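J.: Sharing a structure, written as structure tokens. Questions coming.
The values are calculated or read from the model by the stated rules, or taken from the named source; none is laboratory data. Note that the coordinates shown come from a computational prediction; the quantities given were computed from them, not determined experimentally. Neighbour counts are summed over all protein chains in view; Cβ atoms, including those assigned to glycine, are modelled from backbone coordinates with ideal geometry.
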């Protein structure tokens, strides 16, 4: 008979075969009494605190939040996002499909969109090294890409997204380019259209490169977000760049904590160091020209959905590859479903 009670190990004070006592590994659960807690869900780490922790910003030395410019300008906003999925595996490699989408808005109206892909990649022992060499990346990444599908997906997603970003940065002028996430270099930056190359193109064409993050694991950022969420107004922001660089010296972007409207969530917004305009003007222009119905830039939200590949598209890719390259499909089964089954 199964025990339906929850047994929690409050501390590791038990001895192991009478030889060792691990008292130094006290879990600290006793200190939980009376605390306020924000429980994380199983499916997302991007929780929105409906109430703020008391004195959450104590010691940060925050002054009054700054305001956006009161004179926004009309200019194009381009929200760019990408995705990559594993399509299949062979004896010595794997097939992936990448896709990017860019959504344009102007004057709080969605204007158009552009999609690249799906672009199909096949990485195996023969071509992975040449692929890395062509992108100007370290050949040491070869074994990692061939052995870990998750890393390979991330690598190809960055390649596809950087290509789209470079195209938009070089083909537009006086626009706001939005990226999902922080402006941070990765080890997968391709030669010729890396993040630094995108920033340089933006600077040459007077574009402003902006990264928008929905969540952060940095406690400093979370604390400032909670503080700003108590404000009953919108069009406010904190500049935490100086404080954040003390903790993370490798941060090159200007990091802002932004609340676009009175009822919107609070976001981390990174501005490229190559941006030539004042922060209040850039934020004001973004709010004026994008759609912020959910408090989040609609260009990025739509770009996310437009680049996502559903099961129908993946099936089409599989059918195309099977016909064109005369592939022989190996029968497979869902091991998880087979061994776990259903209770009812």
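J.: Report the residue count in the stretch 87-118 for those that are surrounded by fewer than 16 Cβ atoms within 10 Å (Cβ to Cβ), closer than 19 Å to residue 145 by Cα and at pLDDT 90 or above.
T.: 0
J.: Which condition number does residue 146 fail, the rest of (1) outside any strand (DSSP E or B); (2) within 24 Å of residue 199 (Cα to Cα) being met?
T.: It is condition (2) that residue 146 fails.
J.: Which of the residues spanning the stretch 135-177 are closer than 17 Å to residue 114 by Cβ and touching a helix residue (DSSP H, G or I) at 6+ places or on another chain (Cβ under 7 Å)?
T.: 162, 165, 166, 169, 170, 176, 177
J.: Give me a count of the residues in the stretch 119-141 that are touching a strand residue (DSSP E or B) at 6+ places or on another chain (Cβ under 9 Å) and either buried (at least 18 other Cβ atoms within 10 Å of the Cβ) or part of a helix (DSSP H, G or I) (or both). First the steps, then the outcome.
T.: Here is the first cut: in the stretch 119-141, the residues touching a strand residue (DSSP E or B) at 6+ places or on another chain (Cβ under 9 Å) are 119-128, 131.
Within this subset, residues satisfying the condition of being either buried (at least 18 other Cβ atoms within 10 Å of the Cβ) or part of a helix (DSSP H, G or I) (or both) are 121, 123, 128, 131.
Selection size over the stretch 119-141: 4.
J.: With the stretch 208-322 as the region, which helices (runs of 4 or more DSSP H) entirely inside it contain at least 1 residues that are in contact (Cβ under 8 Å) with a residue 40 or more places away in the chain and crowded, with 20+ Cβ neighbours inside 10 Å?
T.: Counting at least 1 such residues, we get 219-229, 279-289, 298-307.
J.: Here is a list of conditions, (1) out of contact with any helix residue (DSSP H, G or I) (no Cβ under 8 Å at 6 or more places or on another chain); (2) more than 28 Å from residue 235 (Cα to Cα), and residue 84 meets all of them except one; can you say which number that is?
T.: (1)
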